[in-house]
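Below you'll find the structure, written out as structure tokens, and then a few comments.
Coordinate-derived values only; no laboratory data. On a predicted model such as this, the values are computed, not experimentally measured, just so you know. For neighbour counting, all protein chains shown are included, and Cβ atoms are generated from backbone atoms with ideal geometry for every residue, glycine included.
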Amino acid sequence: MVCKPVEWKSTVVNPTTLAEVRGGYLSQPTGDIYHRYRLLTSHDNSHFFIKLEPDSRHGLLTIMPVINKLQAIPFEIHREGLSFILNNRDYLEECGILMPRFLASLNLKNASDILRKIYAEDESIKNVCNFPQLLQILLQRVQHARSESFILTLASAYEGYQFYLPSFIDFRGRIYRSGILHFHERDLARSLIVFAPNPYDSYDSEIDKRCRKILYCSAPFHYKSFQSYTESNEWYNDNKSSFNTSDHSLIEFALHAKKPFQFIANVLSLERKTDPSTIPVT
């Protein structure tokens, strides 16, 4: 996604549904790929579609500019956040914030056979749960570990590049982004994305101050809920000395956060970021 996606445009003179709009990264998709690279995410056009009214305020001329502007916004990888995770991956796994990386390359057949053997030989386990439940837990953790490893690998590949997130719409009209590394994903993926700096903008200390003020208020909300921005700002200042002394102190503090990776990313942007022109998306 390092290339800017093609703008979404209608393939007919008077489109009636979003299924008649093409764009993104493939201009003439066919077969099964057709369903993956169109503006409407649903496959079943007979039941799930959005009817367009060209002559009204809900028509194509209103929808397309919004979608095209959204997917034309460039993003970058949060370098400090990615570096922090990779450098402290062992401790993040030890604390339970990241899944153990060996699970991502685990042979599921061998693991399930070993698990079945252990279950059959240990009567105490049978009193707590059955084998399908244990196997389901194993599969979920392996899937989780593979997802995390893939996100970190993808983020490492994107580092240093600007990339784009193609926009799509479901049959309810909700806007989504393509892939697994975007801000509609879970905590880890969200924490790794920042807005790319505008090459035509020069550094402005006042804008930097405003951005930092926003981060001071927003970062605590990734840790817990607050009644006001003033309360969150005060909480950050009161606890700053507890989590900003070392990498391990920040990780240990983030253990109890609602969204630990986004909390860490925001703190890094406030306390250690070298480029003030980029801020976290979430």
Two-site label geometry, Asn198 and Cys3: point separation in nm, points 7 Å out along Cα→Cβ: 2.7
Counting pairs of alpha carbon atoms under 8 Å apart in space and at least six apart in sequence, what relative contact order in percent does the range 91-182 give? 27
Karplus-derived HN-Hα couplings along the range 3-8 (A = 6.51, B = -1.76, C = 1.60, θ = phi - 60°), whole Hz, x at Gly and Pro: 9, 5, x, 5, 5, 6
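Determine the dipole magnitude for the range 80-158: charges of +1 sit on the beta-carbon of Lys and Arg, -1 on that of Asp and Glu, nothing else is charged, the reference point is the Cα centre, and the result goes in debye to the nearest 20. Before the final figure, lay out the partial values.
Details: 8 positive and 9 negative charges, 62 e Å.
Using only the charged Cβ atoms, the result is roughly 300 debye.
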With the crude spin-label approximation of a point 7 Å out along Cα→Cβ, what separation in nm comes out for Lys240 versus Tyr91? 2.1
Counted charge near Phe183, where neighbours are those whose Cβ lies closer than 15 Å (Asp, Glu -1; Lys, Arg +1): +2
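Rounded, prolate or oblate: pick one for the range 201-277, where a ≥ b ≥ c are the square roots of the eigenvalues of its C-alpha gyration tensor, a/c under 1.5 means rounded, and failing that, prolate if a/b is larger than b/c, else oblate.
On the way: a/c = 2.09, a/b = 1.39, b/c = 1.50.
Oblate is the answer for the range 201-277, as a/c is 1.5 or above yet b/c matches or exceeds a/b.
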Any chance you could check the Cα centroid distance between the range 207-259 and the range 154-178 for me, in angstrom? 27
Given 0.36 nm per residue, what is the gain on full extension from Ile73 to Leu108 after removing their alpha carbon distance, in nm? 8.6 nm
For Glu123 paired with Ile207, estimate the spin-label separation in nm (one decimal), with each label point 7 Å from Cα along the Cα-to-Cβ line. 7.2
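Rounded, prolate or oblate: which fits the range 80-158 when a ≥ b ≥ c are the square roots of the eigenvalues of the alpha-carbon gyration tensor, with rounded for a/c under 1.5 and prolate only if a/b beats b/c? Present the calculation step by step, with values, prior to reporting the outcome.
Numbers: a/c = 3.39, a/b = 2.38, b/c = 1.42.
Because a/c hits 1.5 or more and a/b exceeds b/c, the range 80-158 counts as prolate.
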Leaving out same-chain residues fewer than 8 places away, which lysines sit with a Cα under 23 Å from that of Lys258? Lys213, Lys224, Lys240, Lys273
